[in-house]
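Contents: one structure, followed by commentary.
The values are calculated or read from the model by the stated rules, or taken from the named source; none is laboratory data. Just so it is clear, the model here is predicted, and its values are computed rather than measured. Here the Cβ positions follow ideal geometry from the backbone for every residue, glycine too, while neighbour counts run over all protein chains shown. In case anyone asks, the SASA skips ligands and DNA or RNA and just uses the protein heavy atoms, side chains included. Shrake-Rupley method; radii C 1.70, N 1.55, O 1.52, S 1.80 Å.
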Number of protein chains: 2
Amino acid sequence: MEKNPVVITEINEMKKISRKLKKEGKSIGFVPTMGYLHEGHKSLIRCSIKENDITVISIFVNPKQFSPNEDLDKYPRDFERDLEICRKEKVDYVFYPTFEEMYPENFQTYVIVEELTKNLCGAYRKGHFKGVTTVVMKLFNIVNPDNAYFGKKDYQQYKVIQRMVKDLNMDVNVVGCPLIREKDGLALSSRNKYLSEEERKSALSLSKSLFYAKELFKNGERNVENLKKEMSEMILNYPEVKEIQYIEIVNPETLKPKETAEEGDIIALAVYVGNTRLIDNIQL
Amino acid sequence: MEKNPVVITEINEMKKISRKLKKEGKSIGFVPTMGYLHEGHKSLIRCSIKENDITVISIFVNPKQFSPNEDLDKYPRDFERDLEICRKEKVDYVFYPTFEEMYPENFQTYVIVEELTKNLCGAYRKGHFKGVTTVVMKLFNIVNPDNAYFGKKDYQQYKVIQRMVKDLNMDVNVVGCPLIREKDGLALSSRNKYLSEEERKSALSLSKSLFYAKELFKNGERNVENLKKEMSEMILNYPEVKEIQYIEIVNPETLKPKETAEEGDIIALAVYVGNTRLIDNIQL
């Protein structure tokens with residue numbers, strides 16, 4: 001049976017409800033999103049529903065995590081479609097605030113995680129993680145969840161949020177959920193919508209090169225430079241690939257680049273396919 | 001009757017206790033301090049005890065709010081004396097963590113309030129408010145208070161914390177309590193301990209000049225430059241005054257400098273008496 005989720009647009013209303021639920025002893029699972037939900041989000045929602053009495057998702061395209069030159073304006077939005085998905089997935093509450101509700105006049109407080117945001121996407125998307133940690137801190141304080149679910153597609157984001165929660169002694173349990181792929185390997189992302197048919201084919205370069213590197217690793221290759229070189233050559237063979245922004249092999253906890261690859265390390269990359277920036281990663 | 005406060009050194013223990021108290025429906029009042037308690041702290045404690053079921057104070061000299069050139073090492077400490085005061089004041093819990101407990105290895109998350117920290121003490125004590133907001137965020141998350149008490153002696157700190165709580169949607173009510181003075185006008189501060197007998201006399205320059213400016217204001221003077229000039233001349237007449245760091249007349253909410261003084265504005269100043277940096281303020 002489907003279920004109509006309650007849509008909440010005001011912070012105080014969301015706070016009131018979450019406090020009431022906690023008083024009643026209910027556990028709250030939380031899935032923060034920027035909307036335009038796909039199978040990746042659905043897998044987070046399903047995790048949350050399984051592990052908690054109540055599931056809240058937020059839909060908020062957070063301008064503070066986009067740089068001026070990024071795709072804020074064209075970021076895909078379709079609230080009715082999202083709501084339909086929430087209905088089918090039996091989400092209890094959808095928190096859907098406006099910009100003005102989240103960032104009223106004179107807003108000026110930010111949360112920053114310093115070390116973990118220095119490389120990978122943090123090195124290229126200036127201010128991105130500052131926007132992410134700030135909005136997630138706000139959402140955690142508003143929704144008051146026991147468990148919050150993040151996809152490992154954004155592996156760095158997941159580790160940064162986990163660090164923030166630990167460093168600031170917050171009570172939320174940050175759960176990292178597996179990256180979800182299309183059948184052909186493409187990591188799910190709302191940004192895949194930007195891709196033309198031809199670009200969609202070249203977008204496979206990310207996952208294919210990751211699978212290939214993992215294969216090389218399994219066969220004994222440990223040299224990071226060699227692995228990166230093999231990946232890079234494979235990727236640049238795809239016609240619509242415009243630029244490899246980075247390929248890094250990092251420690252899964254510190255996110256610091258390795259020279260010699262070890263089991264458990266993360267290979268992460270960002271590639272421009274046409275004008276679309278795509279990311280992907282795999283654990284060795 | 002005196003009461004032995006419970007001393008807690010571990011974060012998890014403090015969290016467990018505060019969560020239990022909240023579950024029992026008890027309200028928690030919180031007074032964060034750096035110890036070396038004086039009448040100013042006592043007035044905060046008394047406020048908290050009056051307005052809450054349970055009062056928690058923290059004693060933690062937070063290195064992150066001291067610049068490398070500041071007085072961290074010589075900052076006065078006397079835990080037994082502080083505990084005796086807590087006993088007399090009937091504090092319920094004293095949270096007294098170590099540095100390692102608050103900032104374990106790899107700690108790297110900070111809270112920053114951007115606009116309100118730009119002038120007054122923020123302009124001179126680089127990184128100070130970043131340290132303050134970060135530790136207060138941690139303490140709030142650990143102690144989980146309904147009400148938190150701050151002295152208006154540190155007026156900028158009070159406004160910065162209030163802003164942080166509002167911007168990040170925290171549930172704490174931030175209460176500003178009146179600045180407490182010695183009979184002769186000197187604002188109470190743990191740092192007054194640094195003053196020699198002669199310096200103690202010159203330390204009166206801060207309060208005397210504030211009272212004088214308020215008097216001039218009452219008599220019609222509105223020009224900020226004139227008021228600052230009068231104050232400055234008065235202060236520099238005291239022999240042990242080494243330097244006026246700043247005298248500002250600011251809006252009580254934005255803390256932005258005014259050109260024309262109005263009722264409600266704050267006059268704030270920082271003065272070096274000998275090697276000791278003292279601050280004080282008054283509301284017009």
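Just so you know, in the stretch A:149-160 the residues that are touching a strand residue (DSSP E or B) at 6+ places or on another chain (Cβ under 6 Å) and open to solvent by 30 Å² or more (accessible area, probe 1.4 Å) include one that is nearest to the other protein chains (Cβ to nearest Cβ), and it is A:Lys152.
Applying the condition of being among the small types (Gly, Ala, Ser) and within 20 Å of the chain's Cα centre (by Cα) to the stretch B:23-67 and asking which residue is nearest to A:Glu24 (Cα to Cα) yields B:Gly29.
Within the stretch B:3-11, is there a residue that is open to solvent by 70 Å² or more (accessible area, probe 1.4 Å), more than 17 Å from B:Thr98 (Cβ to Cβ) and part of a loop (DSSP other than H, G, I, E, B)? Yes, the stretch B:3-11 contains a residue that is open to solvent by 70 Å² or more (accessible area, probe 1.4 Å), more than 17 Å from B:Thr98 (Cβ to Cβ) and part of a loop (DSSP other than H, G, I, E, B). The sole residue among B:Asp171, B:Asp184, B:Asp167, B:Asp146 that is acidic (Asp, Glu) and open to solvent by less than 20 Å² (accessible area, probe 1.4 Å) is B:Asp167. Of B:Ile49, B:Ile45, B:Ile57, all but one fail to be under 23 Å from B:Ile279 (Cα atoms) and aliphatic (A, V, I, L, M); the exception is B:Ile45. Checked against the criteria, B:Asn226 does not count as farther than 20 Å from B:Gly185 by Cβ and either within 14 Å of chain A (Cβ to nearest Cβ) or surrounded by 16 or more Cβ atoms within 10 Å (Cβ to Cβ) (or both). The residues listed here are A:Lys193, A:Lys214, A:Lys242; of these, the one that is modelled with pLDDT under 95 and of a type outside the set (Val, Ile, Thr) is A:Lys193.
For the stretch B:259-277, check the following and say yes or no: at least one residue is of a type in the set (Val, Ile, Thr), open to solvent by 40 Å² or more (accessible area, probe 1.4 Å) and either part of a helix (DSSP H, G or I) or in contact with a Lys or Arg (Cβ under 9 Å, 6 or more places away or on another chain) (or both). Within the stretch B:259-277, one or more residues are of a type in the set (Val, Ile, Thr), open to solvent by 40 Å² or more (accessible area, probe 1.4 Å) and either part of a helix (DSSP H, G or I) or in contact with a Lys or Arg (Cβ under 9 Å, 6 or more places away or on another chain) (or both). Please identify the pairs in which a residue from the stretch B:264-284 that is touching a residue at least 40 places away in the same chain (Cβ under 8 Å) and over 11 Å from B:Ile247 (Cβ atoms) has its Cβ atom under 6 Å from the Cβ atom of a residue that is part of a strand (DSSP E or B) and not aliphatic (A, V, I, L, M), counting only partners at least 6 apart or on another chain. Partner pairs satisfying both residue conditions: B:Ile266/B:Asn281; B:Ile266/B:Gln283. Considering only the stretch A:242-279, state which residues are under 25 Å from A:Ser67 (Cβ atoms) and touching a Gly at 6+ places or on another chain (Cβ under 9 Å). Passing the criteria: A:Lys242, A:Leu255.
Per-residue answers, yes or no, for (1) within 13 Å of A:Met170 (Cβ to Cβ); (2) touching a residue at least 40 places away in the same chain (Cβ under 8 Å); (3) open to solvent by less than 10 Å² (accessible area, probe 1.4 Å); (4) in contact with a helix residue (DSSP H, G or I) (Cβ under 6 Å, 6 or more places away or on another chain):
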| residue | (1), (2), (3), (4) |
| --- | --- |
| A:Glu105 | no, no, no, no |
| A:Asn119 | no, yes, no, no |
| A:Ala123 | no, yes, no, no |
| A:Lys126 | no, yes, no, no |
| A:Gly131 | no, yes, yes, yes |
| A:Lys138 | yes, no, yes, no |
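Residues in the stretch B:15-22: is at least one small (Gly, Ala, Ser) and within 23 Å of the chain's Cα centre (by Cα)? Scanning the stretch B:15-22, I find no residue that is small (Gly, Ala, Ser) and within 23 Å of the chain's Cα centre (by Cα), so the answer is no.
For the stretch B:12-41, the candidate set comprises residues that are part of a helix (DSSP H, G or I) and open to solvent by less than 40 Å² (accessible area, probe 1.4 Å); within that set, the residue that is nearest to the other protein chains (Cβ to nearest Cβ) is B:Lys15.
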